[in-house]
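What follows is a set of notes on a single structure, which appears directly below.
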Amino acid sequence: MAKHRMAVIGLGMAVGPHAKSFVDLKDRVEIAAGYSPTEARRKAFADRYKFPVSGDLDAIFADKSIDCVAILSPPNSHRDLVLAAAKAGKHVLLEKPLEISTARAEDMVKACRDAKVTFGVVLQHRFRAPGMKLRELLKEGALGKIVGCSTIIPNWRPQTYYDQPGRGAKARDGGGVLITQGIHTMDLMLSIAGDVAEVFAYATTTPVHRMETEDLVGASVKYKNGALGVISATTAAYPGFPERIDLICEKGTAAIAGTELKVGFHDGRVVEIARDPNEGGTGADPMAFAHDQHRAVIADFLDAIDNKREPMISGQEALRVHRLIDALLQSAATGKTATVA
């Protein structure tokens with residue numbers, strides 16, 4: 001397989017697991033430059049990971065030897081950066097969320113499609129072993145039809161997290177707990193249970209936080225396959241607990257709790273995957289987790305380029321969870337049931 005030359009755009013909090021993954025995948029990808037407009041961030045990145053850095057974004061897009069970019073900058077910068085990369089003919093791996101609005105996200109998907117460049121999105125929970133095993137069991141028909149699926153996301157973020165400029169603000173992040181934290185588990189949920197048809201939701205900002213957007217959401221959901229369930233998401237659950245997806249099926253039940261899976265069949269059989277001791281990220285330190293799933297996302301993205309196929313989580317695929325988030329917030333704002341686009 002060809003070795004790819006990649007530029008990393010954005011050297012903030014999210015860069016750590018990506019950089020560690022690039023080191024692991026050094027036989028497949030060469031980091032040509034790490035870009036940040038901030039000199040201190042460039043220096044810290046270069047000192048820690050020994051990768052070259054650049055303060056010239058235009059030069060990165062003009063460099064024809066760079067065939068792909070990883071964009072890890074704030075959400076409200078994604079659209080312009082992805083459009084510039086697509087225009088330059090570079091494949092794009094984008095940190096979640098797609099953008100601060102679904103309309104801006106759709107612009108990016110179209111631009112990459114028109115430019116015929118690969119567009120992958122970092123929603124790494126899809127690569128956790130429990131979800132992969134559960135999708136396999138469902139595909140085989142081992143559990144039968146899904147009749148219920150509920151998702152609980154009890155995260156914790158202290159006020160100091162939201163005191164950082166732009167955190168939890170519509171203008172920079174696009175929203176609160178749903179688009180920033182819950183998006184990972186809800187994307188995994190959709191990959192397991194299928195699309196949601198309609199929702200009835202409540203959303204609020206609790207007294208726990210001073211922030212512009214929601215830190216607690218509760219909703220009833222109906223899936224397109226007829227299954228029923230609830231979604232509960234918060235960043236006010238001290239000190240943070242593993243996210244759960246509970247599945248009720250014709251032939252048994254399944255529960256994912258973080259990186260743990262327990263499946264019980266009506267005939268007495270049991271399938272289990274033990275909790276990963278490196279699981280984390282649900283508490284005060286959002287980056288307290290191993291980088292294994294990030295490495296899997298990046299490897300899949302490189303495979304997609306080499307094999308001229310879509311990555312597991314393409315831009316188009318990631319629109320599914322964004323449209324669910326839109327419906328949840330629409331329902332909460334109107335007090336009415338909302339249909340998922």
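The numbers here are math on the coordinates, done by the rules we state, and not lab data. In this text, all values refer to a predicted model and were calculated from it rather than measured experimentally. In this analysis, Cβ positions are derived from the backbone assuming ideal geometry, glycine residues included, and neighbour counts consider all displayed protein chains.
Panel values: region 280-329, Kirkwood radius from alpha carbon pairs, Stokes-Einstein at 10 °C and 1.306 mPa s, translational diffusion coefficient 122 µm²/s. A simple charge model with +1 on the Cβ of Lys and Arg, -1 on the Cβ of Asp and Glu and nothing else charged puts the dipole of region 210-341 at about 500 debye relative to its Cα centre.
Consider a paramagnetic label point 7 Å from the Cα of T337 along Cα→Cβ; state which residues of region 123-166 have an amide N under 12 Å from it. Hits in region 123-166 for T337 at 12 Å: none.
A helix-only calculation puts the chain at -10000 deg cm²/dmol for mean residue ellipticity at 222 nm, using -39500 (n - 2.57) for each DSSP H run of at least four residues, averaged over all residues. Comparing P311, P154, P37 in a Gaussian network model of the chain where C-alpha atoms under 10 Å apart are linked, the largest mean-square fluctuation is found at P37. The calculated FRET efficiency for the pair D306 and E136, based on their C-beta separation and a Förster distance of 35 Å, comes to about 0.90.
Taking other residues whose beta carbon is less than 12 angstrom from the beta carbon of L328, and scoring Lys, Arg as +1 and Asp, Glu as -1, yields -2. Here's the list of lysines a cross-link from K116 could span, going by alpha-carbon distance under 22 Å and ignoring same-chain residues fewer than 8 apart: K3, K64, K87, K90, K96, K308.
Rounded to the nearest 20, the size of the Cβ-charge dipole of the chain about its Cα centre is 300 debye, with Lys and Arg at +1 and Asp and Glu at -1. T185 sits among other residues whose Cβ lies under 11 Å from its own Cβ, and their net charge, with Lys and Arg +1 and Asp and Glu -1, is +1.
Across all C-alpha atoms in the chain, the radius of gyration and Dmax reach 19.8, 62 Å.
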